[in-house]
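Some notes on the structure that comes next.
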Amino acid sequence: MWSLFANIGYLILFLNLILFIKSARNYGKAFSIFTWYLGVIFLVQITSMTLKKFNINNLYLSHFYFIGQFILLSLFYINILKGELQKKIVKVCLIIVLLSLAVQYVNDFSLFLKFNLFEIFITSILLILYATFHFYNMLNEKKEFYFINMGILFYLFGSTILFLVGNLTIVLSPKMNKITWILNSILYVLYQIFILVEWKKSFSKKREFKTIL
C-alpha cells in the first residue's frame, strides 16, 4: 500500500517537473525557483527509492530533502512576498537556520545518519509561516501561486507531525510504521495534485495564449 501511494506521488511529481520545465522560460524568477525545487526533490526521491531497493541506508537523504526544500522554498517566498519586512524575515531565518544546522552537524555528525527532529521542525514550521504570510497578502492582492501555497501549507502541517515521530516509529511495530508512511505518502500525492492544479489553472492557458499570439 505504501509503495503504491509513493509511486503515484513520484509519477505526479515527474509530470509536474516536466510541465514546469516546459513553461519555465515564459514566467518569472519565482516560477523558475519552484521548478528547481521540483527537480531537486525528484532527484532526492528517486535516489532514495533506488537505495531502498538495494537495501542501502537512505536516511541521510532526508537532510538533502529538508534542507534543499527549505532553501529553495525560502528563495521562492522571497520572490513572491510583497512586504519588505516579510522578505527580511525570510532572509534572516534562512541564514540563521543554515548556520544552526551546520554547527549542529559539526558537533554531532551522527545526526546525519538519522532523522534530525530539530531540522525537520524548524525548516517546516518556518515554511508554514511563510505560506501564512502569502495567504495574508493574497487577501488584498492578486492570488499568485494560490494552489501551490495551499499545497505547501497542507502538506507541511501533516508531514511535519509524521516526520517528528520518525525516530519513534523505529521502535514501534512494523504495522504502525507502515501506517505512518502510508499517511505521509497520501499527503504527498495530494500535495503534488495541488501543484498540478496550479499549473493547469494559472499557467497552461497563459502558455497556450502566448503561443497563439
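The values are calculated or read from the model by the stated rules, or taken from the named source; none is laboratory data. Quick caveat: nothing in here was measured; it's all calculated off a predicted structure. In this analysis, Cβ positions are derived from the backbone assuming ideal geometry, glycine residues included, and neighbour counts consider all displayed protein chains. Just so you know, the surface numbers come from the protein's heavy atoms only, side chains and all, with ligands and any DNA or RNA stripped out. Shrake-Rupley method; radii C 1.70, N 1.55, O 1.52, S 1.80 Å.
Of note:
- Multiplying each eigenvalue of the alpha-carbon gyration tensor of the chain by 5 and taking the square root yields semi-axes of 29, 22, 15 Å, largest first, rounded to whole angstroms.
- Net charge contributed by nearby residues that have their C-beta within less than 12 Å of Met138 (K/R +1, D/E -1): +1
- Charge sum, other residues only, whose C-beta stays under 12 Å from Ser3's C-beta, Lys/Arg counted +1 and Asp/Glu -1: +3
- Per-selection Rg to Rh, the range 79-154 - Cα, Kirkwood hydrodynamic radius: 1.08
- Candidates Leu15, Leu126, Leu196: whichever shows maximal mean-square fluctuation once the chain is modelled as a Gaussian network with Cα springs under 10 Å: Leu15
- Computed from the alpha carbon atoms alone, the convex hull of the range 31-87 holds 50 Å³ per residue.
- All Cα-Cα separations within the range 1-103 were binned at 5 Å from zero, giving a P(r) of 2, 11, 17, 19, 17, 15, 11, 5, 1, 0, each value a whole percent of the pairs.
- Using a probe radius of 1.4 angstrom, the carbon and sulfur fraction of the accessible surface of the range 1-204 is 73%.
- Heavy-atom accessible surface of the chain, averaged per residue, reaches 55 Å², computed with a 1.4 Å probe.
- Using C-alpha pairs under 8 Å with a sequence gap of at least 6, the mean separation divided by the residue count of the range 1-118 gives a relative contact order of 25 percent.
- Lys, Arg +1 and Asp, Glu -1 on Cβ, resulting dipole of the chain about Cα centre, debye, nearest 20: 660
- A protection proxy built from the mean count of other Cβ atoms within 10 Å ranks the segments 115-124, 178-187, most packed first, as 115-124, 178-187.
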